[in-house]
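Before any comments, here is the structure.
The values are calculated or read from the model by the stated rules, or taken from the named source; none is laboratory data. Small disclaimer: the values here were computed from a predicted structure and weren't measured. Every residue, glycine as well, gets a Cβ built from its backbone with ideal geometry; the counts of neighbours run over all protein chains shown.
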2 protein chains.
Amino acid sequence: MPAPILSRRDIEFFLYEMFDVESLTTRERYQDHDRESFDAAIDIAQAIAEKYYVPIRLKVDSNQPTFDGKKVHIIPEIKEGLDAVIEAGLTAPTTDYAMGGMQLPQIAASGASAYIAAAASTSIGYLSLTHANSNLIEAYGTPEQINKWVTPQRQGRFFGTMAMTEPGAGSGLGDLTTSATKEEDGTYRVKGNKIWISGGDHDLSENIVHLVLARVKGAPKGVKGISLFIVPKYLVGDDGKIGDRNEVALAGLFHKMGGRGQTSTALSFGEQNGAEAYLVGEENKGLMYMFHMMNEARILVGTGAALTALTGFQYSLDYAKGRPQGRLLSAKDPLAPPVNIIEHPDVRRMLLTQKAYSEGAYALCLYGHQLSEDEKTAPTESERKHASTILDFLTPIIKSWPSEWGPKSNDLAIQVLGGHGYVNEHPVEMFYRDNRLNPIHEGTTGIQSLDLLCRKVPMNDFKGYQAFLAEIQLTAESVKLTESLQTYAVALQHAVDNLKEVTTSVMGASKTQNLDLVFSNSVSYLNMFGHLTIAWLWLRQAEIATKQLGKAPHSDDEKFYHGKIQAMKYFFNSELPLTYHWGNLVKNIDSASFDTHPDWL
Amino acid sequence: MPAPILSRRDIEFFLYEMFDVESLTTRERYQDHDRESFDAAIDIAQAIAEKYYVPIRLKVDSNQPTFDGKKVHIIPEIKEGLDAVIEAGLTAPTTDYAMGGMQLPQIAASGASAYIAAAASTSIGYLSLTHANSNLIEAYGTPEQINKWVTPQRQGRFFGTMAMTEPGAGSGLGDLTTSATKEEDGTYRVKGNKIWISGGDHDLSENIVHLVLARVKGAPKGVKGISLFIVPKYLVGDDGKIGDRNEVALAGLFHKMGGRGQTSTALSFGEQNGAEAYLVGEENKGLMYMFHMMNEARILVGTGAALTALTGFQYSLDYAKGRPQGRLLSAKDPLAPPVNIIEHPDVRRMLLTQKAYSEGAYALCLYGHQLSEDEKTAPTESERKHASTILDFLTPIIKSWPSEWGPKSNDLAIQVLGGHGYVNEHPVEMFYRDNRLNPIHEGTTGIQSLDLLCRKVPMNDFKGYQAFLAEIQLTAESVKLTESLQTYAVALQHAVDNLKEVTTSVMGASKTQNLDLVFSNSVSYLNMFGHLTIAWLWLRQAEIATKQLGKAPHSDDEKFYHGKIQAMKYFFNSELPLTYHWGNLVKNIDSASFDTHPDWL
């Protein structure tokens, strides 16, 4: 029997015991749903993942897309899988019934998509980007644009991309040079080169809708002069019929370390007369619109990183339970039969660490999805605003914690398998390679750390920061009432106090000292805040588990809840103490690297 | 100009300023050598690495060996490179003049080999294994065996392997089942399957000399019944002429995550009548002989890991100095031209961290080579014994610290390049993949940690442990005299005291408690001891640099020494404090993972 893609029991724990998705059915939008319909969506997703994606995993990884100078070649199994997902209506399960969607709450949808995302490596990225692209046009486009570009994307006939990065600018978006010239008919002509465009060219869909950042002639320099355009691969008539090829050419494919289910392309726009383009919203507001998509994309990156970690954990767990090798240190008889490697304490440590990282990361992402849900559909304005405030604050952590610690989890999965983990007869080395992109794209960890410390923390007079810490405090207070967890509640409280002290100190220093120096340990601050957040989510899980154990559950559930409590203990004993170390570096404004002149390296 | 493979200045610092290789020329064996001859060897190696290896790096990685069922196909550039190394006499530069070697001291040889190993990814592994194989036969074989199998290996005509692991046994060597039957003529017939045999089949050399572990019929079970055999691919007549094919068949190639310069094979021995084999030494002592090779191989693994980290550091440093992107936080003008990314504090942190890990790891390996040299050629018996005692104690750390922290360094090199680090237009993602094998082969990190804590520490009444800590103590005492380094000397002293306390505590607990529990945090102990060792080596480097700065060196050297001091500061501020965290887990016998029942995961 192949290893499970994910633990279904765990998904159900998160959905129904921790984040109580069923309670959302009291909201009007979800009144037709119940646990049965949520489970049905997960069943379908799991079945598709097992049928279409697990069997092709190795083939996708060994056959990345090629470009013969004219056309991109992608193995046909990719399209078969995508078609199955579109057929099942899982392209955009949160979309309105009216647009052909399932109108599922975001967390429930996430539980379903989880199976496909975990099994399909990155090939599902074609659809996630299409979804995000559609959401953006829906939010800022005209009704005509929505009709022409969103409808076929929701139907899975067109796919979408986001085209931001340029070869000379990288993360420095203010320096982009792609130009746009307005024509008399109100359309624009775009010229320039873009790189790292996921899904930038292929024959998987009838058309590709690129969302392109460009600078209108005469616009202000820097980030304030960037506009957003729809630039299709094929022009589309007002009747919706596909017409001529637009001036969007594939300049090359990147050969990636992982994530080979999806092309990463260099595109050249408008080499001759300019590519025909349609402005979204107003000129010079492009970056604001794009951030709409980017914030969503950041949560999706975190979720993908968490899922890749989860599936690697399940794979290595399954392997460790069935692989006999060696004997325990304490074994009296050196000739006794070998034990399964899960019996070795160090293997168990590597498995429990993976559990703590991957399930902790996934809890964080689901919390993000819950906030995003509440931001839109919570019953009162103040609840919606509260959710929005916390989500905005937490986005850099939701993006980067799973992206940093998910790959560490995948690294341990390789180590559990030993030599077998280093070769492609098992997928754990692929999981590692797939996950390694996540700390880079949609804003590197370094960029997220500056976003957190320099923007999100002080923003609106520390409102998001305080609102989120208050949530942690609430949990600490409540958990203190459970005797077996008391010491952990106190440890969490101490870690919060320490974080506050560090924050006050660094914010004070930023008023008088060199900003580049004061914020030079921002990644340590992000690590500290991230670990505190995950400790909080583990304590919440342990609280639920402890309560359930008190109700004498049946034996499989009993084991499951014990596992949750052990992972919490691991995180509190082995990980939470690191927050003090990171905090010291920030508080002391450790300057070892800042003081290092580039020529000294 | 391509990025430098290694920093030549740094290699020279290690050889001439830190480990004083020139002083070895007073030993009889090295009386013909001087700095000039050492430098000449490095010059040749650097030239070969630049000419033959850097240009084919991408091609080797993208074209791993294939097996058509009959023959292994390897791109011809691999052989061209190996031939150049053999031609230059760099196959085994430490070998006696009489055997055609250069008779170089081990550290000097290591400085030369460094360039080739760093540039050739793993393809140089064919020769390193050949060298280790020859050393073993030279140590335990008969004069006839040495003549027949070692001489052609030293000449580069035959290549060698070590064949230990079996599909069913993995690291549990006691369970191996390959059998050997003695024939009337004194030869043996070997039957069985082996996996992970690096260089197990190819046409790069005239013959392949496998060293195979097998169990003679009727031998005791477990590790006490293992013998070592020479099993050639082709039989060789007493005249040295190559004869018939022996029964050694390639069963398959592994498709590895990295290290694609070298085949990793599954071999089947003696499928029909048994492969002709020649016993090395006595029956049932095979594992002891193999450990001779394995201890050497462990130091080589550490060295390879350090070099891969060093070359990744140099590559990302070169990139960061020439890649403009973004502006400093403190920049007043958002429209000012972008700065090179090395100006960003977080990029400098990632570079300095790489420097601290990679140069620290390399210093450790060179210290290992120095001990190995002194073990053989130090003038007095007591010096040789002292070196041997420390080397034996330190081997698990020399093997595993570079293997664990080298890949972390390579991971940061990817991050410095961002998206460009994730694609194969730059080699940093390949460096990461190449390095990832090192915590696995020649004894995983988990196995090394048990070797350290359960064997090497208490061995011979703590003799190796105490001898090594005394060396650290000596440095701390000496460095205290340099005012600018005093606080660091004190910090090192404290860390040693803490380590002693933890060691005493865990050794005490092992006498009364469950051994599997007491030693379940052995990896934390290894981390603690490793970090302490690297801190010590950084303090030694900083002491030399501080002294040299006092002599007002020319400006390039001044920068170089400042870099050394900053890396030491980074290590003491950001890394050494972690030893207290790891020490607590060991001392408190943290049982979160030990207590986790396999069914709870």
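Across the stretch B:496-538, what is the total count of residues that are within 14 Å of another protein chain (Cβ to nearest Cβ) and of a type outside the set (Phe, Trp, Tyr)?
Taking the stretch B:496-538 first, the residues within 14 Å of another protein chain (Cβ to nearest Cβ) are B:506, B:509-528, B:531, B:535, B:538.
This time we only want the ones that are of a type outside the set (Phe, Trp, Tyr), so: B:506, B:509-518, B:520-524, B:526-528, B:531, B:535.
The number of residues fulfilling the criteria is 21.
Here's a check for you: in the stretch A:174-197, which residue that is assigned to a loop (DSSP other than H, G, I, E, B) and among the polar types (S, T, N, Q) is surrounded by the most Cβ atoms within 10 Å (Cβ to Cβ)?
Within the stretch A:174-197, the subset assigned to a loop (DSSP other than H, G, I, E, B) is A:176-178, A:183-187.
Applying the additional criterion that residues be among the polar types (S, T, N, Q) yields A:177-178, A:187.
Numbers: A:177: 13, A:178: 23, A:187: 17.
Looking at the filtered set, the residue picked out is A:178.
Name the single residue that is nearest to residue B:12 (Cα to Cα) among those in the stretch B:35-72 being small (Gly, Ala, Ser) and surrounded by 18 or more Cβ atoms within 10 Å (Cβ to Cβ). Working first, answer last.
Quick first cut of the stretch B:35-72, residues small (Gly, Ala, Ser) only: B:37, B:40-41, B:45, B:47, B:49, B:62, B:69.
From what is left, the residues that are surrounded by 18 or more Cβ atoms within 10 Å (Cβ to Cβ) are B:41, B:45, B:49.
Details: B:41: 13, B:45: 14, B:49: 17 Å.
Checked the stretch B:35-72; the qualifying residue nearest to residue B:12 (Cα to Cα) is B:41.
Out of the stretch A:250-277, which residues are within 14 Å of chain B (Cβ to nearest Cβ), part of a loop (DSSP other than H, G, I, E, B) and not aliphatic (A, V, I, L, M)? Give the steps one after another, and end with the answer.
Initial filter on the stretch A:250-277 (within 14 Å of chain B (Cβ to nearest Cβ)): A:251-260, A:262-266.
Right, trim to part of a loop (DSSP other than H, G, I, E, B) and you get A:254-255, A:257-260, A:262-263.
Result: A:254, A:255, A:258, A:259, A:260, A:262, A:263.
Please work out if residue B:116 is buried (at least 20 other Cβ atoms within 10 Å of the Cβ) and in a strand (DSSP E or B). Even if it seems obvious, please write down each step before you answer.
On the way: buried (at least 20 other Cβ atoms within 10 Å of the Cβ): yes; in a strand (DSSP E or B): no.
In short, no.
Which of the residues spanning the stretch B:418-437 are under 16 Å from the mean Cα position of the chain (by Cα) and more than 10 Å from every other protein chain (Cβ to nearest Cβ)? Working first, answer last.
First, the residues of the stretch B:418-437 that are under 16 Å from the mean Cα position of the chain (by Cα): B:431-437.
Scanning the stretch B:418-437 gives B:431, B:434, B:435.
Could you list, in sequence order, the residues of the stretch A:165-183 that are within 14 Å of chain B (Cβ to nearest Cβ) and in contact with a Phe, Trp or Tyr (Cβ under 8 Å, 6 or more places away or on another chain)? Show your work before the answer.
Taking the stretch A:165-183 first, the residues within 14 Å of chain B (Cβ to nearest Cβ) are A:165-177.
Listed by number, the list holds a single entry, A:165.
Conditions first: (1) at pLDDT 95 or above; (2) surrounded by 15 or more Cβ atoms within 10 Å (Cβ to Cβ); (3) under 24 Å from the mean Cα position of the chain (by Cα). Residue A:442 passes all but one, so which condition is the exception?
Residue A:442 satisfies every listed condition except (1).
Under the condition of being hydrophobic (A, V, I, L, M, F, W, C) and touching a Lys or Arg at 6+ places or on another chain (Cβ under 8 Å), which residue from the stretch B:418-439 is surrounded by the most Cβ atoms within 10 Å (Cβ to Cβ)? Walk me through it before giving the result.
First, the residues of the stretch B:418-439 that are hydrophobic (A, V, I, L, M, F, W, C): B:423, B:428, B:430-431, B:437.
Applying the additional criterion that residues be touching a Lys or Arg at 6+ places or on another chain (Cβ under 8 Å) yields B:423, B:430, B:437.
Values: B:423: 19, B:430: 23, B:437: 27.
Looking at the filtered set, the residue picked out is B:437.
Residues checked against (1) out of contact with any Phe, Trp or Tyr (no Cβ under 8 Å at 6 or more places or on another chain); (2) closer than 27 Å to residue A:371 by Cα; (3) not in a helix (DSSP H, G or I):
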| site | (1), (2), (3) |
| --- | --- |
| A:41 | yes, yes, no |
| A:45 | no, yes, no |
| A:61 | yes, no, no |
| A:64 | yes, no, yes |
| A:90 | yes, yes, yes |
| A:93 | yes, yes, yes |
| A:101 | yes, yes, yes |
| A:108 | no, yes, no |
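Only residues that are closer than 15 Å to residue B:447 by Cβ and either surrounded by fewer than 18 Cβ atoms within 10 Å (Cβ to Cβ) or more than 8 Å from chain B (Cβ to nearest Cβ) (or both): list them for the stretch A:314-338, please. Break it down into steps so the answer makes sense when it comes.
Of the residues in the stretch A:314-338, the ones closer than 15 Å to residue B:447 by Cβ are A:325-329, A:338.
Scanning the stretch A:314-338 gives a single hit, A:328.
Quick check, is residue A:533 under 30 Å from residue B:352 (Cβ atoms), exposed (fewer than 14 other Cβ atoms within 10 Å of the Cβ) and either of a type in the set (Val, Ile, Thr) or not assigned by TED's automatic domain parsing to the domain that holds residue A:14 (or both)? Give the steps one after another, and end with the answer.
Details: under 30 Å from residue B:352 (Cβ atoms): yes; exposed (fewer than 14 other Cβ atoms within 10 Å of the Cβ): no; either of a type in the set (Val, Ile, Thr) or not assigned by TED's automatic domain parsing to the domain that holds residue A:14 (or both): yes.
Considered against the rule, which asks whether it is under 30 Å from residue B:352 (Cβ atoms), exposed (fewer than 14 other Cβ atoms within 10 Å of the Cβ) and either of a type in the set (Val, Ile, Thr) or not assigned by TED's automatic domain parsing to the domain that holds residue A:14 (or both), residue A:533 comes out as no.
Where residues in the stretch B:159-193 are of a type outside the set (S, T, N, Q) and touching an Asp or Glu at 6+ places or on another chain (Cβ under 6 Å), which of them is nearest to residue B:269 (Cα to Cα)?
If we filter the stretch B:159-193 for residues that are of a type outside the set (S, T, N, Q), which is where we start, we get B:159-160, B:162-164, B:166-170, B:172-176, B:180, B:182-186, B:188-192.
From what's left, touching an Asp or Glu at 6+ places or on another chain (Cβ under 6 Å): B:169, B:176.
On the way: B:169: 17, B:176: 14 Å.
In this case the residue turns out to be B:176.
Could you grab me the full set of residues in the stretch B:394-446 that are among the small types (Gly, Ala, Ser) and closer than 21 Å to residue B:132 by Cβ? Even if it seems obvious, please write down each step before you answer.
Narrowing the stretch B:394-446 to residues among the small types (Gly, Ala, Ser): B:400, B:403, B:406, B:409, B:413, B:418-419, B:421, B:443, B:446.
Listed by number, the residues that qualify are B:400, B:403, B:406, B:443.
Output the number of the condition that residue A:398 fails; it satisfies all remaining conditions of (1) surrounded by 24 or more Cβ atoms within 10 Å (Cβ to Cβ); (2) within 14 Å of chain B (Cβ to nearest Cβ).
Every listed condition holds for residue A:398 apart from (2).
Specify the residue that is nearest to residue A:370 (Cα to Cα); the eligible residues are those in the stretch A:11-39 that are in contact (Cβ under 8 Å) with a residue 60 or more places away in the chain and part of a loop (DSSP other than H, G, I, E, B).
The selected residue is A:19.
Can you tell me which residue is farthest from the chain's Cα centre (by Cα) among those in the stretch A:586-601 that are facing another protein chain (nearest Cβ under 7 Å), buried (at least 22 other Cβ atoms within 10 Å of the Cβ) and within 28 Å of residue A:505 (Cβ to Cβ)?
By that ranking, first place goes to A:596.
Quick one: residue A:440 ticks every box in (1) within 18 Å of residue A:299 (Cα to Cα); (2) within 14 Å of another protein chain (Cβ to nearest Cβ); (3) touching a residue at least 12 places away in the same chain (Cβ under 8 Å) except a single one, so which number is it?
It fails just one condition, (3).
Does at least one position in the stretch B:560-580 carry a residue that is under 25 Å from the mean Cα position of the chain (by Cα), more than 8 Å from every other protein chain (Cβ to nearest Cβ), part of a loop (DSSP other than H, G, I, E, B) and of a type in the set (A, V, I, L, M)?
Scanning the stretch B:560-580, I find at least one residue that is under 25 Å from the mean Cα position of the chain (by Cα), more than 8 Å from every other protein chain (Cβ to nearest Cβ), part of a loop (DSSP other than H, G, I, E, B) and of a type in the set (A, V, I, L, M), so the answer is yes.
I'm trying to understand the selection: among the residues of the stretch B:540-555, which are part of a helix (DSSP H, G or I), closer than 18 Å to residue A:601 by Cβ and either basic (Lys, Arg) or free of Cβ contacts under 8 Å to residues at least 24 places away in the same chain (or both)?
Residues satisfying the conditions are B:545, B:549, B:555.
Out of the stretch A:210-247, which residues are modelled with pLDDT of 95 or more, under 15 Å from residue A:164 (Cβ atoms) and of a type in the set (A, V, I, L, M)?
A:211, A:212, A:213, A:214, A:226, A:228, A:230, A:231
Give just the number: which of (1) in contact (Cβ under 8 Å) with a residue 40 or more places away in the chain; (2) surrounded by 24 or more Cβ atoms within 10 Å (Cβ to Cβ); (3) within 14 Å of chain B (Cβ to nearest Cβ) does residue A:348 not satisfy?
Residue A:348 satisfies all of (1) in contact (Cβ under 8 Å) with a residue 40 or more places away in the chain; (2) surrounded by 24 or more Cβ atoms within 10 Å (Cβ to Cβ); (3) within 14 Å of chain B (Cβ to nearest Cβ) except (1).
On the basis of being over 26 Å from the mean Cα position of the chain (by Cα) and either among the β-branched types (Val, Ile, Thr) or under 20 Å from residue B:136 (Cβ atoms) (or both), does residue B:189 make the cut?
no
Collect the residues in the stretch B:316-336 that are without any contact (Cβ under 8 Å) to a residue 40 or more places away in the chain and acidic (Asp, Glu), keeping them in residue-number order.
Hit for the stretch B:316-336 is B:333, nothing else.
Scan the stretch B:198-249 for residues that are in a strand (DSSP E or B) and over 28 Å from the mean Cα position of the chain (by Cα) and jot them down. Show your work before the answer.
Residues of the stretch B:198-249 in a strand (DSSP E or B): B:198, B:207-216, B:227-232, B:234-236, B:242-245, B:248-249.
B:215, B:216, B:234, B:235, B:236, B:242, B:243, B:244, B:245, B:248, B:249, listed by residue number.
Report yes if residue B:409 is touching a residue at least 24 places away in the same chain (Cβ under 8 Å) and surrounded by fewer than 24 Cβ atoms within 10 Å (Cβ to Cβ), otherwise no. Lay out the reasoning, then the answer.
Values: touching a residue at least 24 places away in the same chain (Cβ under 8 Å): yes; surrounded by fewer than 24 Cβ atoms within 10 Å (Cβ to Cβ): no.
No, not satisfied.
Can you find a residue that is crowded, with 18+ Cβ neighbours inside 10 Å, closer than 24 Å to residue A:395 by Cα and either modelled with pLDDT under 95 or of a type outside the set (Val, Ile, Thr) (or both) anywhere in the stretch A:549-562?
Within the stretch A:549-562 (the criterion being crowded, with 18+ Cβ neighbours inside 10 Å, closer than 24 Å to residue A:395 by Cα and either modelled with pLDDT under 95 or of a type outside the set (Val, Ile, Thr) (or both)), the answer is no, since none of the residues qualifies.
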